[in-house]
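No value in this document is a laboratory result; all are computed from the given coordinates. Everything numeric in this text was worked out from a predicted model, so none of it was measured. Neighbour counts are summed over all protein chains in view; Cβ atoms, including those assigned to glycine, are modelled from backbone coordinates with ideal geometry.
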Amino acid sequence: MNIYILLFDNFRTLDVFGPVDVFGEVSEFTLHYCSLVGGLVYSSHHVPIMTEVMPLTIFSDSIIFIPGGIGTRSLVNDVGFTKALTHIIPQASYCLTVYTGSALVAKTGLLEGKTATSNKKAWSWVTSVNPQVNWQYHARWCIDVCFYTSSGISAGTDMALGFVADLYGQERSRLIADSMEYVWNNQSYNDPFAEPM
């Protein structure tokens, strides 16, 4: 399966590289670092990533992965970006988001009526992007058909392990977590950062 990691300037570094460390251990996955126009993209911590141009036509067994970060605040109003997501996402088998990446997908309307979550520190903003989404505050990550959305920044790694477990079994994810020396929160509903509303 091809995983298209869709990057943009000022994405949150750990949103990408926590899950990438998981996905990179799965031999069935091929990772592609993409942006709409290709070239260098910089994380919010000034990490430069050379990206491919995101293909507008992909195989149906592909995965779209969208991080969050401060860059989503302006990108959510980029009509061209939203149009591209609206075209690409339905072609994929799965769409995974971390942090405020769910706001970008919510803007397309593809999450309307579906269960999703996001970072609690950006909760008011993300949920205002599209109130027609069934936003879940108390969730580390959510699954609704082909959409996996995760909460705060490190939650993406928990979700990535959960995604691998759904595809290939819990034991495989446990082995990956152990190799990373990572304590996996494998309960999607257990979000220790969700304060009482």
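Mind checking the dipole of the chain: about its Cα centre, +1 per Lys or Arg Cβ, -1 per Asp or Glu Cβ, Debye to the nearest 20?
560 debye
Counting only other residues whose beta carbon sits under 13 Å from that of ILE66, what net charge do I get with K and R as +1, D and E as -1?
For residues surrounding ILE66, the net value is +1.
Express the C-alpha Rg of the range 2-180 as a ratio against the empirical globular expectation 2.2 N^0.38 Å, rounded to two decimals.
After normalising by residue count via 2.2 N^0.38 Å, the value is 0.93.
Between ASN185, ASN119, ASN77, where does the largest GNM mean-square fluctuation fall for the chain, given springs only between Cα atoms within less than 10 Å?
ASN77
Put +1 on the Cβ of every Lys and Arg and -1 on every Asp and Glu Cβ in the chain; which of TYR94, ILE58, SER74 then has its Cα farthest towards the positive end of the dipole?
SER74
Determine the sum of side-chain charges near PRO19: Lys and Arg each +1, Asp and Glu each -1, restricted to other residues whose C-beta is under 12 angstrom from that of PRO19.
Taking every Cβ under 12 Å from that of PRO19, the sum is -3.
What residues have an amide H closer than 5 Å to that of ALA116, excluding those fewer than 5 places away on the same chain, when H is modeled at 1.01 Å from N in the peptide plane?
Correct list: ASN134, TRP135, GLN136.
Calculate the spin-label point distance for VAL183 paired with VAL53, positioning each point 7 Å from the Cα along the beta-carbon direction, and give it in nanometres.
Output for this residue pair reads 4.7 nm.
Using 0.36 nm times the number of residues separating SER128 and ASP144, minus their current alpha carbon distance, what extension gain do you get?
Value of the extension gain: 3.8 nm.
Determine one quarter of the surface area of the Cα convex hull of the range 18-69, which equals its mean projected area, and express it in nm² to one decimal.
4.2 nm²
Which value, in debye to the nearest 20, describes the size of the charge dipole of the range 1-115 about its Cα centre when Lys and Arg Cβ atoms bear +1, Asp and Glu Cβ atoms bear -1, and nothing else is charged?
Computed about the Cα centre, the dipole is about 380 debye.
Just want the ordering: SER43, SER102, SER154, from fewest to most Cβ atoms lying within 10 Å of their own Cβ.
Sorted ascending by nearby Cβ count, the order is SER154, SER43, SER102.
Sort LYS114, LYS121 so the one with the fewest other Cβ atoms within 10 Å of its own Cβ comes first.
LYS121, LYS114
With θ set to phi - 60° and the Karplus curve 6.51 cos²θ - 1.76 cosθ + 1.60, what are the ³J(HN,Hα) couplings of the range 110-127 in order, to the nearest whole Hz, using x for Gly and Pro?
Each residue of the range 110-127 in turn: 5, 9, 4, x, 9, 7, 8, 9, 6, 5, 6, 6, 10, 4, 4, 5, 4, 5 Hz.
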